[in-house]
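Working notes, structure below.
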Amino acid sequence: MNEQWQEIGDRVYVRRHRSYDMNTGLIVGDDGHCLVLDTRSSHREAADLVEAIRTITSGPWTVVNSHSHFDHYFGNALFRPAEIWGHTRCAEEIEQYGEQQRALLAQRQPERREEFEEVTIVAPDCTFTSAASLDIGGRMVHLRYFGLGHSSNDVVVHVPDAGVVFAGDLLEEGAPPAFSDSYPLDWPGTLAAMLREMPEPVVVPGHGAVVDRAYALGQQAELALVADLAKRAHVEGLRDLIRRFPYPEEVSKEAIARAFLQLDA
């Protein structure tokens, strides 16, 4: 994989990384000020990202975390003292669970223990609940929260003058959506709302290749099928329904478990 910036709109870039196949976004304003979307999974990866950003612009940055999963915010400390934006629940969950995430990762990936142990957990200090607009060097960038989905706090970044939407992990390419702490019953409606309100031709998933609107609509339909089948399974039992899910059985079972938690709440 070529970890180079890809310009997908006027001064709007994406960098796809080998690590977790994760995308970082970069939006550059008229004066070089930039918005950085997601800071990667360690200080070492963030340092690599900073070096890459400086090949595009030497201006100051504002950071946005798309949600509270470690691979999207563990690099935050290297971007201080800049503002770091996120959903209110993103900040709350990082404050509550960040150190626990870090310790668990160091245990599960001993080859990266030292790398994770050197991470300083930094949560967003600028938060919102539904919408915020940022002036990035004279260029308006909109942050939106459409509802529960991949997590409790997925933020979508909209760059209207470039026709680009960064969907975060509400959308995946190259692998099935991740359901580990998701809300499968809400996710299809959340993604549908994003696509309805942001009819842009270029959509950047949190992981994988940049996609178009048709791809996003297709994945929304898959997520709607998952929600429908999970509701049926809750009443009828799983039986043969598992074979009708659009994802591998292991992924489908995780989605079902999360959906049942919602249905039993």
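Across the range 208-217, the number of residues qualifying as assigned to a helix (DSSP H, G or I) and either touching a strand residue (DSSP E or B) at 6+ places or on another chain (Cβ under 9 Å) or surrounded by 23 or more Cβ atoms within 10 Å (Cβ to Cβ) (or both) comes to 3. The C-beta contact set for the range 50-68 (first residue over 19 Å from R16 (Cβ atoms), second residue part of a helix (DSSP H, G or I) and aliphatic (A, V, I, L, M), distance under 6 angstrom, 6+ apart or interchain) comprises S68/I94. Among the candidates G174, G168, G137, G147, the residue that is of a type outside the set (A, V, I, L, M, F, W, C), on the phi > 0 side of the Ramachandran plot and surrounded by fewer than 16 Cβ atoms within 10 Å (Cβ to Cβ) is uniquely G174. So, S66, is that one under 19 Å from P160 (Cα atoms), part of a loop (DSSP other than H, G, I, E, B) and modelled with pLDDT of 95 or more or not? Spelling it out, S66 is indeed under 19 Å from P160 (Cα atoms), part of a loop (DSSP other than H, G, I, E, B) and modelled with pLDDT of 95 or more.
Residue-wise test of (1) under 24 Å from L261 (Cβ atoms); (2) in contact with a His (Cβ under 6 Å, 6 or more places away or on another chain); (3) not aliphatic (A, V, I, L, M).
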| site | (1), (2), (3) |
| --- | --- |
| S68 | yes, no, yes |
| H87 | yes, no, yes |
| Q96 | yes, no, yes |
| A123 | no, no, no |
| S151 | yes, yes, yes |
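Residues in the range 1-17 that are closer than 17 Å to V141 by Cα, surrounded by fewer than 21 Cβ atoms within 10 Å (Cβ to Cβ) and in contact (Cβ under 8 Å) with a residue 24 or more places away in the chain: I8, G9, D10, R11. Just so you know, in the range 18-39 the residues that are surrounded by fewer than 20 Cβ atoms within 10 Å (Cβ to Cβ) and touching a helix residue (DSSP H, G or I) at 6+ places or on another chain (Cβ under 9 Å) include one that is farthest from V50 (Cα to Cα), and it is Y20.
Yes or no, residue by residue, for (1) within 21 Å of the chain's Cα centre (by Cα); (2) touching a residue at least 40 places away in the same chain (Cβ under 8 Å); (3) assigned to a loop (DSSP other than H, G, I, E, B); (4) within 29 Å of Y97 (Cβ to Cβ):
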| position | (1), (2), (3), (4) |
| --- | --- |
| G168 | yes, yes, no, yes |
| D181 | yes, yes, yes, yes |
| T190 | yes, yes, no, yes |
| P199 | yes, no, yes, no |
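Restricting L191, L223 to residues that are crowded, with 21+ Cβ neighbours inside 10 Å, modelled with pLDDT of 95 or more and under 17 Å from V164 (Cβ atoms) narrows the list to L191.
Among (1) assigned to a loop (DSSP other than H, G, I, E, B); (2) of a type outside the set (D, E, K, R); (3) over 24 Å from M140 (Cα atoms); (4) touching a residue at least 60 places away in the same chain (Cβ under 8 Å), there is one condition S41 misses while meeting the rest; what is its number? For S41, the exception is condition (4). Number of residues in the range 102-120 that are surrounded by fewer than 21 Cβ atoms within 10 Å (Cβ to Cβ) and closer than 22 Å to N153 by Cβ equals 5. Just to be sure, is E92 of a type in the set (D, E), in a helix (DSSP H, G or I), at pLDDT 95 or above and surrounded by 14 or more Cβ atoms within 10 Å (Cβ to Cβ)? Taking the combined requirement at face value, the residue satisfies it.
When the range 180-190 is filtered for residues that are farther than 13 Å from Q219 by Cβ and hydrophobic (A, V, I, L, M, F, W, C), only L185 remains.
Exactly one residue out of P205, P246 is at pLDDT 95 or above and assigned to a strand (DSSP E or B): that is P205.
The values are calculated or read from the model by the stated rules, or taken from the named source; none is laboratory data. Owing to the predicted nature of the structure, the values given are computational and were not obtained by experimental measurement. FYI the Cβ positions are ideal-geometry reconstructions off the backbone, even for glycines, and counts take in every protein chain you see.
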